[in-house]
1. Condition check: surrounded by 14 or more Cβ atoms within 10 Å (Cβ to Cβ), modelled with pLDDT under 90 and among the hydrophobic types (A, V, I, L, M, F, W, C). Does Phe392 satisfy that?
2. Could you run through the stretch 90-119 and say how many residues are closer than 23 Å to Val210 by Cα, open to solvent by 30 Å² or more (accessible area, probe 1.4 Å) and of a type in the set (S, T, N, Q)?
3. Any residue at all in the stretch 68-79 that is among the β-branched types (Val, Ile, Thr), closer than 16 Å to Ile217 by Cα and not in a strand (DSSP E or B)?
4. Considering every residue within the stretch 404-417, establish whether at least one is of a type in the set (Lys, Arg), modelled with pLDDT of 95 or more, more than 26 Å from Tyr272 (Cβ to Cβ) and out of contact with any Cys (no Cβ under 8 Å at 6 or more places or on another chain).
5. Hey, among the residues in the stretch 401-438 that are in contact with a helix residue (DSSP H, G or I) (Cβ under 9 Å, 6 or more places away or on another chain) and open to solvent by 50 Å² or more (accessible area, probe 1.4 Å), which one's nearest to Pro464 (Cα to Cα)?
6. Within the stretch 105-198, which strands (runs of 3 or more DSSP E) (wholly inside it) include 1 or more residues that are in contact (Cβ under 8 Å) with a residue 12 or more places away in the chain, aromatic (Phe, Trp, Tyr) and farther than 30 Å from Ala360 by Cβ?
7. If Leu58 satisfies all but one of (1) surrounded by fewer than 18 Cβ atoms within 10 Å (Cβ to Cβ); (2) in a helix (DSSP H, G or I), what's the number of the condition it fails?
8. Which residues, taken from the stretch 420-460, are free of Cβ contacts under 8 Å to residues at least 24 places away in the same chain, charged (D, E, K, R) and part of a helix (DSSP H, G or I)?
Amino acid sequence: MKFSINPLTQQKYNIPETLDDSKNIENFICAHEGKKVIVVQGLGFVGAVMSLVCANALTDEYAVIGVDLANENTYWKIKSINDGIFPLTADDPKIDKFFENTKENGNFLATYDPKAFQYADVIIVDINLDVKKQSNENGELKSFDVNLSNFKVAIQSIGRNCQDNVLILVETTVPPGTCDQVVRPIIEEELVKRGFSTNKYRLGHSYERVMPGPNYIDSIREFPRVYAGINEASSNAVEEFLKTIIDTSKCKLTRLEHTNATEMAKVLENSYRAMNIAFAVEWSRFAEEAGVDLYAMVKAIRARPTHANLMLPGIGVGGYCLTKDPLLASWARKSHFGSMSDLEMSIKGVSVNDQMPKFAFSRLKQVFGDISDKKVVFLGVSYRGDVGDTRFSPAEPLVEMVRETGAKVALHDPFVSYWEEQKCNVESDLNAVLDSTTNLIVVSAGHSQYKLESTIEKLLELNPALIFDTIGLFDKEQLSILQSKHKVSVLGRGDLK
């Protein structure tokens, strides 16, 4: 399983001096006369693949235009797509197949020009919306804020260019109330400025549940969808469109009463998972104090069907959703709906998870002592096993804390060649990082490669070293084998005997 930025796109492209791509857009539209046009705003981890799904729709033939900003962080995606190189790689063969289909049919164009919105029958919003967090030195969350400025600018660019009968479908995870209280007023204000009616456009929300990996396309195309509109006409329009790209013979479309509900459902869904992890984190500390194995306990409890989703502890929570979505919900409760109360348990869950890398570092020092003169090898820098996504990876603060001790740090990851957040290269060859000078190995991502017999054998070839498994990757037999030569400690269980 692999999912990461395509290394072929890791080059700097010259950003156009003039941000006018009208001619290319017009030629594209002319070449697909008679087809409905879908414009996807945002070409990131979700938007780029959503564009492929739309360009390979089940029932309709669409002409698809992806729009992103023309700056050093995003323009490369536009250039890459138009040069015939998809900007992401994944071990899902449908990614390559779908992209090849779009090249053969010529029905997928990328641009930086918002004029593309004026041709759209459907506009899908897939842009980032971040939460700014302030934490203390231990990682405990002290305050947070949601700044909608960039999101509003993006919506304004739609309103200033779109047709008055367009369907706007927001997939971005947003604070509940955003479609009704932010998107709707902006779109209607911009339409009125242009002398257009505000009665024809349709606005809905249907959040994505994208799962990077070998079934990436199917996680969009064949996974249950929740949707709603700001009114019944909008809900009907969203349903009609979704049925052209979602295989409803394999999954269900669930309509909720309003976009407030779908927006809340998304952050509730992710808040539950974040809280589940925070719960496991608390108990992992108890297990360590009691000298028992929490991983074995959780696996035993999971045999009970009603408790099958009990989470395992680990180094912390990463990725783009669980680290912020509970905070979006709490912010919306006060900012959009006038409550005086926070969602205190949800905020606490995020705070507990944010502190895990600090706790892992403390455990490392407690078990292994001073590491300032050691060579420390990190196995995995992504936030999730077998993917190459490093956004908000919990490995990052742990790596930084180890570096600050003066230790020599080496990084390995089979799916990440360049760590954007740390601005450094990452080695993909285990032999290049594991050698006779290795003192401490930190298992920091659950990549399948690290559980292979060949990896265990490689570790046994090393001089006696220290191994810190922060995610409970190794099974009982592997731990016994490794412990025959190395000192091994696992986060979430008492000291190994």
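The values are calculated or read from the model by the stated rules, or taken from the named source; none is laboratory data. Since the model is a prediction, treat every value here as computed from it, not as a measurement. Positions of Cβ are generated from backbone atoms using ideal geometry, with glycine treated the same way; all protein chains shown enter the neighbour counts. Side chains included, ligands, DNA and RNA excluded: accessible areas come from the protein's heavy atoms. Shrake-Rupley method; radii C 1.70, N 1.55, O 1.52, S 1.80 Å.
1. So Phe392 fits the description; yes.
2. 1
3. Start the filter on the stretch 68-79 by keeping residues that are among the β-branched types (Val, Ile, Thr), which leaves 74, 78.
Now narrow it down to the ones that are closer than 16 Å to Ile217 by Cα: none.
Scanning the stretch 68-79 turns up no residue that is among the β-branched types (Val, Ile, Thr), closer than 16 Å to Ile217 by Cα and not in a strand (DSSP E or B).
4. Taking every residue of the stretch 404-417 in turn, at least one turns out to be of a type in the set (Lys, Arg), modelled with pLDDT of 95 or more, more than 26 Å from Tyr272 (Cβ to Cβ) and out of contact with any Cys (no Cβ under 8 Å at 6 or more places or on another chain).
5. Asn431
6. Values: elements: 108-111, 122-125, 131-135, 141-146, 167-170.
Result: 108-111.
7. Only one criterion is unmet by Leu58, namely (2).
8. Result: Glu453, Glu457.
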